[in-house]
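Colleague: A single structure is presented below for examination.
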């Protein structure tokens, strides 16, 4: 189900990519947003960039990710002078995909010193949608406490736990099922994955 171009351009999504495994989720998410006309700001931590390029074989750059111009902007995670670090700069939602446990801990304690963590803090304080996609297992008590703290503060915790009722036949099918749930969580209509009963 697609939205009109007018509605698509109203959505502005910030995507943070950290050093957890699961970069294919981030790449698929970024490409879907850009291909469907959404404005996207992307930031990768240093380790996130390394893992992204290792796992996907794609250079973490605008040209590496998409051949469409004008919708994707990449920011330096060390640049806290970025407009994104201010609550006065508007965006609709922020998604950390994948989110490492270290990043989650810093966001949960509001003690981050990088742009990704600051954006998550801004999303929470400005009551904007924040979706966190952790990709770690098993989880210890501190991980769970951080998830509970973030959920209590208004974040959506959306672990990369694919369902199998759709009978996925490929890794791409599995990835799309999670990306579809993330899009649902930020209220963007999509038909990336079959829904129960369809």
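Colleague: Tell me which residues, restricted to segment 108-127, are closer than 17 Å to residue 26 by Cβ and out of contact with any strand residue (DSSP E or B) (no Cβ under 7 Å at 6 or more places or on another chain).
Modeller: 114, 117
Colleague: If I ask for residues that are surrounded by fewer than 19 Cβ atoms within 10 Å (Cβ to Cβ) and in contact with a strand residue (DSSP E or B) (Cβ under 8 Å, 6 or more places away or on another chain), which ones from segment 75-92 would you list?
Modeller: Hits for segment 75-92 are 76, 82, 90, 92.
Colleague: Hey, another quick one. Taking segment 129-159, which residues are assigned to a loop (DSSP other than H, G, I, E, B) and over 20 Å from residue 191 (Cβ atoms)?
Modeller: 135, 136, 137, 138, 139, 140, 154, 155, 159
Colleague: Let me ask something additional. Scan segment 39-56 for residues that are at pLDDT 95 or above and either surrounded by 19 or more Cβ atoms within 10 Å (Cβ to Cβ) or in contact with a strand residue (DSSP E or B) (Cβ under 7 Å, 6 or more places away or on another chain) (or both) and jot them down.
Modeller: Result: 40, 41, 42, 43, 44, 45, 48, 49, 51, 52.
Colleague: Something else about it: Tell me the residue from 176, 181 that is surrounded by 22 or more Cβ atoms within 10 Å (Cβ to Cβ), modelled with pLDDT of 95 or more and farther than 26 Å from residue 76 by Cα, please.
Modeller: 176
Colleague: Also, I was wondering about something else. Confirm whether residue 118 is over 18 Å from residue 193 (Cα atoms), without any contact (Cβ under 8 Å) to a residue 60 or more places away in the chain, under 16 Å from the mean Cα position of the chain (by Cα) and crowded, with 18+ Cβ neighbours inside 10 Å.
Modeller: yes
Colleague: Tell me, yes or no, whether segment 93-101 has at least one residue that is at pLDDT below 95 and either closer than 24 Å to residue 192 by Cβ or buried (at least 22 other Cβ atoms within 10 Å of the Cβ) (or both).
Modeller: There is no residue in segment 93-101 that is at pLDDT below 95 and either closer than 24 Å to residue 192 by Cβ or buried (at least 22 other Cβ atoms within 10 Å of the Cβ) (or both).
Colleague: Of all residues in segment 165-198, count the ones that are touching a residue at least 60 places away in the same chain (Cβ under 8 Å), in contact with a helix residue (DSSP H, G or I) (Cβ under 7 Å, 6 or more places away or on another chain) and part of a loop (DSSP other than H, G, I, E, B).
Modeller: Of the residues in segment 165-198, 2 are touching a residue at least 60 places away in the same chain (Cβ under 8 Å), in contact with a helix residue (DSSP H, G or I) (Cβ under 7 Å, 6 or more places away or on another chain) and part of a loop (DSSP other than H, G, I, E, B).
Colleague: Test residue 134 against the criterion of being in contact with a strand residue (DSSP E or B) (Cβ under 7 Å, 6 or more places away or on another chain), more than 21 Å from residue 34 (Cβ to Cβ), in contact (Cβ under 8 Å) with a residue 60 or more places away in the chain and crowded, with 20+ Cβ neighbours inside 10 Å, and give yes or no.
Modeller: Criteria met by residue 134.
Colleague: I need every pair where a residue in segment 78-91 that is closer than 15 Å to residue 130 by Cβ has its Cβ under 6 Å from the Cβ of a residue that is assigned to a loop (DSSP other than H, G, I, E, B), sequence separation at least 6 or different chains.
Modeller: If the second residue must be assigned to a loop (DSSP other than H, G, I, E, B), the pairs left are 87/126.
Colleague: Let me ask something else. Take the residues in segment 104-115 that are buried (at least 16 other Cβ atoms within 10 Å of the Cβ) and modelled with pLDDT of 95 or more; name whichever of them is nearest to residue 21 (Cα to Cα).
Modeller: 104
Colleague: Let me ask something else. (1) part of a loop (DSSP other than H, G, I, E, B); (2) at pLDDT 95 or above; (3) over 26 Å from residue 53 (Cα atoms): which one isn't true of residue 122, the others all being true?
Modeller: Evaluating residue 122 over (1) part of a loop (DSSP other than H, G, I, E, B); (2) at pLDDT 95 or above; (3) over 26 Å from residue 53 (Cα atoms) leaves (1) as the failure.
The values are calculated or read from the model by the stated rules, or taken from the named source; none is laboratory data. Everything quoted here is computed from the prediction, not taken from an experiment. Positions of Cβ are backbone-derived with ideal geometry, glycine not excepted, and every protein chain shown enters the neighbour counts.
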